[in-house]
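Please read the structure below before turning to the comments.
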Amino acid sequence: ISDAMSDDHDASDMSGGDDGQEDVMTPSELIRKLEEAWLNEKFSPELLENKSERVECVMEQLTHMEANLQRVRKGDMKASVHRMEIDRIRYVLSSYLRSRLQKIEKFFPHVLEKEKSRAEGDASFLSPEEFAFAKEYLANTETYLKAVALKHMPPNLQTVDMLKAVPEPCLDSFVFLRVRARQENILVEPETDDQREYVVDLDEGSQHLMRYRTIAPLVSSGAVQLI
């Protein structure tokens, strides 16, 4: 449907800049990529690499679809279908951004530390807007703690290490996943002291329930999709 709404839009404007490549995507491929990012973000316990360029492309596409919708005759059945598609895309986009903000609020010191410690040239986990939000959230939290509690404590207790005070994401939680590209020799850590680690192969198209820490690099590379 989004392709039909974009018949006069040049698909060459859709580039997958998130991966450092100028991959040309059609509008429907762009929406599919957003949905994949949304599901990964929704089900992963940690904050994933931001897809800000993809988000910006989707927002531009939505603006274009809205403009096309205005040219459809009132009462045309296609208008209702196109409106439903626009609403669906807006829901996915807002849910994706909301999931990221909720994780930033929940793990803000760890998110900022991870962003600060990334190697030069590595992809940023935060968009500029998210980075500004996380820093402001940290500053406001520290100010609030000092105002309502810390200033009333003994001098040796008037500081707090936010990295220790705020829990980290639980990377040992289990997630459902679908394998998009066959993976061999994936090391699975034991769940109890009585078990030993072992190696498994993940066949393309197969679905599994696994510890997130085990497959985290495969989520980042796109080899598996969280479901």
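The values are calculated or read from the model by the stated rules, or taken from the named source; none is laboratory data. Computed from a predicted structure; not experimentally measured. Every residue, glycine among them, receives a Cβ derived from its backbone with ideal geometry; neighbour counts consider all protein chains shown. The area values use the complete protein model at the heavy-atom level, side chains included, leaving out ligands, DNA and RNA. Shrake-Rupley method; radii C 1.70, N 1.55, O 1.52, S 1.80 Å.
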Could you grab me the full set of residues in region 162-177 that are assigned to a loop (DSSP other than H, G, I, E, B) and of a type outside the set (S, T, N, Q)? 166, 167, 168, 169, 170, 171, 172
If you take the residues in region 160-200 that are open to solvent by 100 Å² or more (accessible area, probe 1.4 Å) and at pLDDT below 90, which one is nearest to residue 211 (Cα to Cα)? 191
Report, ordered by the first and then the second residue, all pairs with beta carbons closer than 6 Å, sequence separation of six or more or different chains, a first member in region 49-65 that is assigned to a helix (DSSP H, G or I) and modelled with pLDDT of 95 or more, and a second member that is open to solvent by 30 Å² or more (accessible area, probe 1.4 Å) and not acidic (Asp, Glu). none
When residues of region 124-155 are limited to those that are open to solvent by less than 50 Å² (accessible area, probe 1.4 Å) and aliphatic (A, V, I, L, M), the one nearest to residue 97 (Cα to Cα): 126
Expected output for region 195-206 (first residue more than 15 Å from residue 185 (Cβ to Cβ), partner open to solvent by 80 Å² or more (accessible area, probe 1.4 Å), Cβ below 8 Å, 6+ apart or cross-chain) is 204/180; 204/182; 205/178; 206/178
Among the residues of region 23-63, what is the count of those that are surrounded by fewer than 17 Cβ atoms within 10 Å (Cβ to Cβ) and farther than 26 Å from residue 104 by Cα? 6
On the given criteria, is residue 159 more than 30 Å from residue 204 (Cβ to Cβ) and touching a Phe, Trp or Tyr at 6+ places or on another chain (Cβ under 9 Å)? no
